[in-house]
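Below is one structure, written out as structure tokens; comments come after it.
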Amino acid sequence: MMNKYSFIVPVYNTEKYLNKCLDSILNQTYKNFEVIIINDGSPDNSINIIKDYQARYNNIIVIDEENGGLSVARNNGIKAATGNYLIFVDSDDYVELDLLENIEKEIEDVDVLRYQVIMESDDGTKKLECKEDGFATTNGFDAFRYLGNYYFVEPAWCYAFKRSYFIDNNFYFKKGVYHEDFGLIPYVIYKARRVKSVSYLGYHYVIRKGSIMTTDDYKKTVKKAFDMLEQYKTLRLFSKNMGKKNNLDDYYLSYISNSVIVKARELKGDEKKIYIY
């Protein structure tokens, strides 16, 4: 029997969080799934933890590769996946045990399904439920009318994607950039025939000190901002190449524009001037 879902879990130096992540996936109440774990050249004990799980579960596929970054790891996970739907989980995060059970209730005949996120500190003492109103199945460009009411970076890990839709459109994460999600996911949504969002809180995003997204290194902050700006230009080209469908495209363009404007707040002095102009 073919797997209904494929979890894709890139791993790099997350031995402290990996057990909790994998336990939350492997103990799902809905059982028809596989787990693709990509060890991205971790120098810590992550690979030994992964191999221990692989020895105990028969639905785990392990890819052990040299460090190539998150995008390469995800792309290789997509290639190895066999499920009808792809679900991305970062290895320092975790999911609700009934995530698949809730997705299964809503997933029929959609290309993209969105669910909601709980943000929390790595010690679990602070939690913020980012609960959004869901929306009924609609086309991709209409979806931005709703998404624009909330946040301005669409992470891969709060969606389930139809694998055939991903493969048929040759979607892939760009190598060597920060905010690789922003460079792809808005386009994946925009091009989709059927997109749906549910208010269910299924994903726990763990904010850990020293991670790429929370770094105090200003050089990395600058690179993240300008990587995002370059990907914004690509997203605009995607829209132009597809041809304007109707005025709902304005919601998409407004969404990606607001995303880069929000990022400008992290810059200072000359970098901010260059970024804006």
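Out of the residues in the range 83-127 meeting the condition of being among the polar types (S, T, N, Q) and touching a helix residue (DSSP H, G or I) at 6+ places or on another chain (Cβ under 8 Å), tell me which one is farthest from Arg194 (Cα to Cα). Let's see the steps before the verdict.
The initial filter retains those residues of the range 83-127 that are among the polar types (S, T, N, Q), namely 84, 91, 102, 116, 121, 125.
Next cut, touching a helix residue (DSSP H, G or I) at 6+ places or on another chain (Cβ under 8 Å) only: 84, 91, 116.
Details: Asn84: 15, Ser91: 29, Gln116: 18 Å.
Here the answer is Ser91.
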Given (1) modelled with pLDDT of 95 or more; (2) polar (S, T, N, Q); (3) touching a Ser or Thr at 6+ places or on another chain (Cβ under 8 Å), index of the condition Asn3 fails: (1)
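Can you say whether Asn13 is part of a loop (DSSP other than H, G, I, E, B), on the phi > 0 side of the Ramachandran plot, open to solvent by 40 Å² or more (accessible area, probe 1.4 Å) and polar (S, T, N, Q), as far as the supplied structure shows?
Values: part of a loop (DSSP other than H, G, I, E, B): yes; on the phi > 0 side of the Ramachandran plot: yes; open to solvent by 40 Å² or more (accessible area, probe 1.4 Å): yes; polar (S, T, N, Q): yes.
So Asn13 fits the description; yes.
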Residue among Val206, Val222, Val177 that is surrounded by fewer than 19 Cβ atoms within 10 Å (Cβ to Cβ) and more than 23 Å from Asn3 (Cβ to Cβ): Val222
Of the criteria (1) touching a helix residue (DSSP H, G or I) at 6+ places or on another chain (Cβ under 9 Å); (2) over 21 Å from Ile118 (Cα atoms), which one Val11 fails: (2)
Count - residues of the range 24-53 that are surrounded by fewer than 21 Cβ atoms within 10 Å (Cβ to Cβ), in contact (Cβ under 8 Å) with a residue 40 or more places away in the chain and assigned to a helix (DSSP H, G or I): 1
Some residue of the range 54-63 being touching a residue at least 12 places away in the same chain (Cβ under 8 Å), of a type in the set (Ser, Thr, Tyr) and open to solvent by less than 60 Å² (accessible area, probe 1.4 Å): no
Where Pro155 falls short, out of the listed (1) closer than 24 Å to Asp23 by Cβ; (2) touching a helix residue (DSSP H, G or I) at 6+ places or on another chain (Cβ under 9 Å); (3) modelled with pLDDT of 95 or more: (3)
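The values are calculated or read from the model by the stated rules, or taken from the named source; none is laboratory data. Just so you know, these numbers come straight off a predicted model, no measurement behind them. Ideal geometry is used to build each Cβ from the backbone, glycine not excepted, and the neighbour counts take in all protein chains shown. Side chains included, ligands, DNA and RNA excluded: accessible areas come from the protein's heavy atoms. Shrake-Rupley method; radii C 1.70, N 1.55, O 1.52, S 1.80 Å.
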